């Protein structure tokens, strides 16, 4: 085959091999197993905290579980998604940061609005409600 017709026989211009050399870091078996073990531990500990009622205060338990969730997100990003500041010249990390900012703004704004709607509602007695149309 000529160089001109070679891309017709093998789409993408490859010679049948799938190198996928796009500059992205691919994990090794060791890194995937490290990520898996860390994810399993970061799941088991909060489960144990809830099942054995380690903390008396449920708010403390919720905060500790939230901290474990954040650490687990970081483990997944590093070990399974292979995202770092070098991948795709930093554009992946920039997109992730932008997404996180939008999520934080949306969630905190929603919670703020719901809290203020609840606290600013005018209290009504059953007597006042009977007069309503």
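The values are calculated or read from the model by the stated rules, or taken from the named source; none is laboratory data. Predicted model, so just to flag it, every value in this text is computed and none were measured. Please note: Cβ atoms are built from the backbone with ideal geometry, for glycine as well, and neighbour counts cover all protein chains shown.
A search for C-beta distances below 9 Å between a residue of the stretch 37-53 that is free of Cβ contacts under 8 Å to residues at least 12 places away in the same chain and any residue that is part of a helix (DSSP H, G or I) and surrounded by 16 or more Cβ atoms within 10 Å (Cβ to Cβ), counting only pairs 6+ apart in sequence or on different chains, returns 53/61. Looking at residue 35, is it in a loop (DSSP other than H, G, I, E, B) and either at pLDDT below 90 or surrounded by 11 or more Cβ atoms within 10 Å (Cβ to Cβ) (or both)? When the stated conditions are applied, residue 35 does not pass them.
What's the total number of residues in the stretch 56-85 that are without any contact (Cβ under 8 Å) to a residue 12 or more places away in the chain, closer than 20 Å to residue 35 by Cβ and part of a loop (DSSP other than H, G, I, E, B)? Write out each step before concluding.
Kept after step one, since they are without any contact (Cβ under 8 Å) to a residue 12 or more places away in the chain, are these residues of the stretch 56-85: 56-60, 62-63, 66-67, 70, 73-74, 81, 85.
Checking which are closer than 20 Å to residue 35 by Cβ leaves us with 67, 70, 73-74, 81, 85.
If we keep only those that are part of a loop (DSSP other than H, G, I, E, B) as well, we get 81, 85.
Number satisfying all stated conditions: 2.
One residue stands out among those in the stretch 50-70 that are surrounded by 14 or more Cβ atoms within 10 Å (Cβ to Cβ) and within 19 Å of residue 40 (Cβ to Cβ): the one that is nearest to the chain's Cα centre (by Cα), which is 68. Checked across the stretch 94-117, the condition of being loosely packed, with under 10 Cβ neighbours inside 10 Å, outside the structural domain of residue 46 (by TED's automatic domain parsing) and at pLDDT below 85 holds for at least one residue.
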